[in-house]
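In what follows, a single structure is set out as structure tokens and then discussed.
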Amino acid sequence: MNMSKRTNHKTPWYRLDLSAIVYPTLQRRNFSSVYRLTAVLKEKVEPNLLQRAVDQTLPRFPTFKVAMRKGVFWRYLEPNNRPGPFVEPDIMNPCMPMSFQNSSRYLIRIYYYQNRISLEVFHSLSDGSGAMCLLKTITAVYLRMKGYPIPSGQGVLELSEKPQAEELEDAYLRYASSRVRPPRSRDKTYRIRGTREPFYTLNIITGILKVQQVLSVSKHYQVSVTEYLNAVLLHALLQKQKEDHVFRELPVSIAMPVNLRRFFPSKTLRNFITMVYPSIDPRMGEYTFEEILLQVHHYMRYYINNKFLNADITTNAAVTKNPLIRVVPLFIKDLVVRQFYKRVQDKQSSAGLTNLGVVETPDEMRPHIERFDVLMGQPFSARTNCAVVSYGDTLSISFASSIVEADVERLFFCRLVKDGIHVMIESNRKTGVK
């Protein structure tokens, strides 16, 4: 367990994990690394019961019941016993910037709207897999209060059990053991041109699909669902670049987080992901959709395995273990990381795509849940982020962007329809999609 004791108050505190370190550094007035998970129920949510469910559930998840603190050299998380977090009616533009100095100091929010329960999380606390465990447990406790016999299991934690040490650990440090450290530099990529929305406006477009239809199409192309959706997004980005009539074409690339729990056995509820970047370089010639699929398929098989992923997280771990970096004051670390991200990291992808995969719940919850949604939140720069999750036979694909134009989203869903997949569109836009 990556936990230490503060000298004066003997209060447990948590170091930020390897992924968590960068997110506070990127914080600015109009950007915060906040994402959202939503459980869509089959009946209207009762806010009073939901608040009771949150109050009962959160102590079982100590790494979410925290506040952010700033030290001389590093930030850290400490237990937060202030009142809250309080459930609130939902808002038009979700994933708003999250202040570390607000009155309650919590880094999560819970919203309700009709039959929806939404959990927003600052990324320093956890990745989507860990946060989904919290949302499923809150939802299960809420349904129990409604009188439904919901057992624990399938990611619904037992409230009477104490947190396991492995749930609280920084799993990166446990598994980073490669003797190879791959370089970080990549080519500059195509960036979407668009009209920025006013502060803070988040445009959301969600496509609701049938899992069996998507599986059938993916099987036809002999690829996985994740590979298929990555290829569709790359194809849309290539089309968008051509429509922009750019002076010089650049590679298109997708930043895709990989859930490391699939490759390294860990029960951590904190961050445990790394990034891969499937890409296509149009300077090599015209690509058919089938050629894009083939390239994405082989890229995924080549890079997404425990050897390459271990090497990648070992590179990150080496930076934080460096004795010289450890003694550099925090404000200098922030300045260096922020400039590196703006000038290098953010320019290495044209869009983001995350796939949380299949959400499993106890069978007793299935009659009460319609689907789950996931939203990556506002992109750091002018682009679109795509998030995918499935539950039962429902696949939810949500795009989030802070630009007016929705050309990439339109091209993406048109490709799905062309492949015979029926798509139902939901959006928070007040007018038609441009």
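Exactly one of these conditions fails for Met376: (1) modelled with pLDDT of 95 or more; (2) among the hydrophobic types (A, V, I, L, M, F, W, C); (3) under 30 Å from Ile150 (Cβ atoms). Give me its number.
Exception for Met376: condition (1).
Kindly establish whether Val374 is in a strand (DSSP E or B) and either more than 24 Å from Met98 (Cβ to Cβ) or of a type outside the set (Ser, Thr, Tyr) (or both). Break it down stepwise before answering.
Numbers: in a strand (DSSP E or B): yes; either more than 24 Å from Met98 (Cβ to Cβ) or of a type outside the set (Ser, Thr, Tyr) (or both): yes.
Judged against the criteria, Val374 is a match.
Being closer than 29 Å to Ala20 by Cβ, among the β-branched types (Val, Ile, Thr) and outside any loop (DSSP other than H, G, I, E, B): is that true of Thr226 here?
yes
So, of the residues in the stretch 138-175 that are modelled with pLDDT of 95 or more and among the hydroxyl-bearing types (Ser, Thr, Tyr), which turns out to be nearest to the chain's Cα centre (by Cα)?
Thr139
Being surrounded by 19 or more Cβ atoms within 10 Å (Cβ to Cβ), touching a residue at least 40 places away in the same chain (Cβ under 8 Å) and within 27 Å of Val389 (Cα to Cα) is true for just one of Glu120, Glu46. Which residue is that?
Values: Glu46 fails: surrounded by 19 or more Cβ atoms within 10 Å (Cβ to Cβ).
Testing whether each residue is surrounded by 19 or more Cβ atoms within 10 Å (Cβ to Cβ), touching a residue at least 40 places away in the same chain (Cβ under 8 Å) and within 27 Å of Val389 (Cα to Cα) leaves just Glu120.
Quick check on Met132: is it of a type in the set (A, V, I, L, M, F, W, C) and under 14 Å from the mean Cα position of the chain (by Cα)?
Values: of a type in the set (A, V, I, L, M, F, W, C): yes; under 14 Å from the mean Cα position of the chain (by Cα): yes.
It is true that Met132 is of a type in the set (A, V, I, L, M, F, W, C) and under 14 Å from the mean Cα position of the chain (by Cα).
Out of all the residues in the stretch 348-370, is one or more aliphatic (A, V, I, L, M) and assigned to a helix (DSSP H, G or I)? Steps first, answer last, please.
Going through the stretch 348-370, the residues aliphatic (A, V, I, L, M) turn out to be 351, 353, 356, 358-359, 365, 369.
Those left that are additionally assigned to a helix (DSSP H, G or I): 365.
Yes, the stretch 348-370 has at least one match.
Could you figure out which of (1) farther than 30 Å from Thr226 by Cβ; (2) modelled with pLDDT of 80 or more; (3) part of a helix (DSSP H, G or I) isn't true of Val328?
That leaves (3) as the condition not met.
So is Met96 of a type in the set (A, V, I, L, M), within 30 Å of Leu260 (Cβ to Cβ), assigned by TED's automatic domain parsing to the domain that holds Lys44 and surrounded by 20 or more Cβ atoms within 10 Å (Cβ to Cβ) or not?
On the way: of a type in the set (A, V, I, L, M): yes; within 30 Å of Leu260 (Cβ to Cβ): yes; assigned by TED's automatic domain parsing to the domain that holds Lys44: yes; surrounded by 20 or more Cβ atoms within 10 Å (Cβ to Cβ): no.
Judged against the criteria, Met96 is not a match.
Name the single residue that is modelled with the lowest pLDDT among those in the stretch 331-363 being of a type in the set (Asp, Glu) and crowded, with 16+ Cβ neighbours inside 10 Å.
Here is the first cut: in the stretch 331-363, the residues of a type in the set (Asp, Glu) are 334, 346, 360, 363.
This time we only want the ones that are crowded, with 16+ Cβ neighbours inside 10 Å, so: 334, 346.
Values: Asp334: 85, Asp346: 77.
Among them, the one singled out is Asp346.
What number of residues in the stretch 393-405 are touching a strand residue (DSSP E or B) at 6+ places or on another chain (Cβ under 6 Å) and not in a strand (DSSP E or B)?
Number of matching residues: 1.
Being out of contact with any Leu (no Cβ under 9 Å at 6 or more places or on another chain) and among the aromatic types (Phe, Trp, Tyr), is that true of even one residue in the stretch 72-88?
Applying the first criterion (out of contact with any Leu (no Cβ under 9 Å at 6 or more places or on another chain)) to the stretch 72-88 yields 78-79, 81-84, 86, 88.
Then keep just the ones that are among the aromatic types (Phe, Trp, Tyr); that gives 86.
Yes: the stretch 72-88 contains one or more residues that are out of contact with any Leu (no Cβ under 9 Å at 6 or more places or on another chain) and among the aromatic types (Phe, Trp, Tyr).
The values are calculated or read from the model by the stated rules, or taken from the named source; none is laboratory data. Owing to the predicted nature of the structure, the values given are computational and were not obtained by experimental measurement. Heads up, the Cβs are rebuilt from the backbone with ideal geometry, glycines too, and the neighbour counts pull from every protein chain shown.
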